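First the structure, in the form of structure tokens, and then the observations on it.
The values are calculated or read from the model by the stated rules, or taken from the named source; none is laboratory data. From a predicted model like this one, the values you see are computed outputs, not experimental measurements. Ideal geometry is used to build each Cβ from the backbone, glycine not excepted, and the neighbour counts take in all protein chains shown.
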Amino acid sequence: MNTRFTGNFTQQEAIPEAGIEAALAVLRHGRLHRYNTAAGEISEVALLEQEFAAFTGARFALAVASGGYALGCALRAVGVKPGDRVLTNAFTLAPVPGAIAAVGAVPVFVGVTEGLVIDLEDLAARADQADVLMLSHMRGHLCDMDRLMAICDGAGITVIEDCAHTMGAGWNGIPSGRHGTVGCYSTQTYKHMNSGEGGLLVTDDEEIAARAVMLSGSYMLYERHLAAPGPEAFESIKYDTPNVSGRMDNLRAAILRPQLAALPDQVARWNVRYGAVEQGLRGTPGLSVIERPEPERYVGSSIQFLLLDWAPEAVQAVLRRCAARGVELKWFGGAEPTGFTSRYDSWRYAPSEALPASDRILRGILDMRLPLTFSVEDCRLIASIIRDEVGAVYQAQ
Ligand SMILES: *Cc1c(COP(=O)(O)O)cnc(C)c1O
């Protein structure tokens, strides 16, 4: 059997018709800037913020130019200063340490477990090294958030959550982004809602919300927000909070609002696809699927598995053989960063000590996107191709 998969791993679905209609309306009236409104008009951005606050159950929400901007804005808003140390995941994507470096702070990396989440033992051991944790729910895997919050609350650590892969997910019934002080999300094309570029930030903290709004570039127009604190919250911060422009515009918000309404259905569609791949991979000799903890509500927009303790050449052989049959796997264990896969030791602007236990895991992580343009049948085929090729290489080892 040598069937080939012909789908495209980077092809997302089209923007829903309601989003296209709303975008055309914005283009036709021309008021793209969020504060450019006609008399009595409420901007698309303000409405998106109000709807996203309701979706997450947060008091305040702010829409911004990108997920990375939301992370940097959150760091500034909670008071991180140049030279401060910020704990973060060793297993994450480059915008996370990048956001820390962009405010002049220094990332301190915390290891990863075989469940692909932050190592809570390692976090507890490093808890005295920083006052802030930027927690990345990398590839949608949520750690035991109750334990993480107990560790951080006990050590006085402020938690900022990077929910780029967990919009719509949750832990023990609490939406992802709502355990920490600030939750940050991305609406970049490859995430769970697609506006090309874009980001959102949520918090219940009045002062942090007010600072974030000022930082995002509100000038003194903060009263035009529907999901921000009242004007009194801005009195004490408006003179000493710099404007670091990074607003969202009405065109993006118009595209996003119908996608937010459809998100719960989309999550269900992702998880059917994820389940099909997971089921097809389970039991493959030499391959470990990542078991999802019972309290985790995840969004299966990508899937990971481990080829733990495999020789690098054998992993490369799997990558090559799968690619030859149209299945694009990404490997976090390569010596050189390629595409979106880089590792804590690739970020040389942020020197780190070696994390041998994490290195072992990182060397075994394979990753694959599951766009909603794939059918469930496609997912079954992909899993059977991976199963064949992993099996062939494993037997030859
Ligand atoms: C995409 C991503 C970001 C940043 O989002 P952008 O909108 O691309 O700036 C942050 N963290 C992770 C884990 C991401 O995948």
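So here's what we get for this one:
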{"read-out": "Segment 304-320: number of residues that are charged (D, E, K, R) and part of a helix (DSSP H, G or I)", "value": "2"}
{"read-out": "The one condition in (1) surrounded by fewer than 24 Cβ atoms within 10 Å (Cβ to Cβ); (2) in contact with an Asp or Glu (Cβ under 9 Å, 6 or more places away or on another chain) that K191 fails to fulfil", "value": "(2)"}
{"read-out": "L135 vs. criteria more than 16 Å from the ligand (Cβ to nearest atom) and either among the acidic types (D, E) or out of contact with any Phe, Trp or Tyr (no Cβ under 6 Å at 6 or more places or on another chain) (or both)", "value": "no"}
{"read-out": "Selection status of R76, within 16 Å of the ligand (Cβ to nearest atom) and either more than 28 Å from Y298 (Cβ to Cβ) or in the same structural domain as V132 (by TED's automatic domain parsing) (or both)", "value": "yes"}
{"read-out": "Condition met for V64 (within 16 Å of the ligand (Cβ to nearest atom) and either under 13 Å from C184 (Cβ atoms) or buried (at least 23 other Cβ atoms within 10 Å of the Cβ) (or both))", "value": "yes"}
{"read-out": "Hits in segment 181-200 (condition: near the ligand (Cβ under 10 Å from one of its atoms), under 26 Å from V78 (Cα atoms) and either outside the structural domain of A65 (by TED's automatic domain parsing) or among the hydroxyl-bearing types (S, T, Y) (or both))", "value": "Y185, S186, T187"}
{"read-out": "Residue match in segment 240-247 (condition: over 28 Å from Q12 (Cα atoms), β-branched (V, I, T) and in contact with a helix residue (DSSP H, G or I) (Cβ under 8 Å, 6 or more places away or on another chain))", "value": "yes"}
{"read-out": "Hey, S216 within 16 Å of the ligand (Cβ to nearest atom), within 20 Å of R76 (Cα to Cα), touching a residue at least 40 places away in the same chain (Cβ under 8 Å) and over 11 Å from the mean Cα position of the chain (by Cα) or not", "value": "yes"}
{"read-out": "In segment 33-71, the residues that are part of a helix (DSSP H, G or I) and under 27 Å from A101 (Cα atoms)", "value": "G67, G68, Y69, A70, L71"}
{"read-out": "Count of residues meeting criterion [among the hydrophobic types (A, V, I, L, M, F, W, C), under 18 Å from V80 (Cβ atoms) and assigned to a strand (DSSP E or B)] in segment 98-137", "value": "8"}
